[in-house]
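Let me begin by presenting the structure, written as structure tokens, before commenting on it.
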Amino acid sequence: MNPDNEEKKLEDASTVGDPASDETRIIETPVPEGTQRLSDLEAEQRKKICGRYQRTRFLGKGAFGRVWRCRDEVAGIDVAIKQLPPELVTNPAQVESIRKNFQVIERLHHPHIAAAKTLEVDPQTGETYLVMEYVEGRELNRLLLNRGGRMALDEVLRIARQVAAALDFCHGHNLVQRDTKPGNIIVNDKGEA
């Protein structure tokens, strides 16, 4: 048996005892593979990133790591912080590639592209984070789900033009956005992407 699995089972177990006897049974609560218990997320949320970013909400997990909404306690603003996976930042060639890409992305300023602010390594944990502008709104895929997959034509065209303008801007700077999908497009309450 894998010792990691055994340890996980013990973490997820609760004990039940009969007060009249010395017997104690262990009742296991299964945790689906690849998920975190809420208490793990809550514990992680309490930790500050780089000593200044207080996590306020877990936003999701994607191919390039977990994303948190955080409060920058120095600047007094909300930011989105992407925690890069360890396998990306332990390979020196990948780290150099990430830094070069970040230097290019950092200079992009467009009304339909979330601004990258900084790339930071937490001195306490050694984890690498991409700090970005937080954009209030909903992912386009969720917006579509809530509307039964339908949107008014003028709204579709407006969003499509804005996304196309952002992609054209990136291409004009020799960048290719390889993960353009409804889940990565945020639409604010004004209908802007």
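Grab the Cα-Cα distance for ALA152 and VAL176, subtract it from 0.36 nm times how many residues apart they are, and report the gain in nm with one decimal.
Full extension of this stretch gives 5.8 nm more.
Probe radius 1.4 Å, ligands and nucleic acids ignored: give me the carbon and sulfur share of the accessible area of segment 57-144 as a rounded percent.
Looking at segment 57-144 in its full context, I get 53 percent from C and S.
Given points 7 Å out from each Cα along the Cα-Cβ axis, report the GLU106 to LEU145 separation in nanometres with one decimal.
3.5
Modelled label-to-label distance, ASN184 and SER97, 7 Å Cα→beta-carbon offset: nm?
Distance between label points: 1.5 nm.
Along segment 121-137, what does the Karplus equation 6.51 cos²θ - 1.76 cosθ + 1.60 (θ = phi - 60°) give for ³J(HN,Hα), rounded to whole Hz, x for Gly and Pro?
Once θ is set to phi - 60°, the couplings for segment 121-137 become 10, 6, x, 7, 10, x, 7, 9, 10, 9, 9, 10, 4, 8, 10, 6, x Hz.
For THR56, list long-range residues whose amide hydrogen, built 1.01 Å from N in the peptide plane, is under 5 Å from its own amide hydrogen.
Residues meeting the criterion, in which the H sits 1.01 Å from N, are ARG69, CYS70, ARG71.
Residue separation times 0.36 nm, minus the C-alpha to C-alpha distance between ARG52 and ARG161: what's the value?
35.6 nm
Hey, quick one: spin label on PHE64, modelled 7 Å out along Cα-Cβ, who in segment 155-188 has an amide N within reach, i.e. under 19 Å?
Counting only backbone N, you get 163-187.
Would you kindly calculate the mean projected area, averaged across all directions, of the convex hull enclosing the Cα atoms of segment 128-193, in square nanometres?
5.5
The values are calculated or read from the model by the stated rules, or taken from the named source; none is laboratory data. Please read all numbers here as calculations on a predicted model, not as lab measurements. Neighbour counts are summed over all protein chains in view; Cβ atoms, including those assigned to glycine, are modelled from backbone coordinates with ideal geometry. Remember, those area values only see protein heavy atoms, side chains included, never the ligands or the DNA or RNA. Shrake-Rupley method; radii C 1.70, N 1.55, O 1.52, S 1.80 Å.
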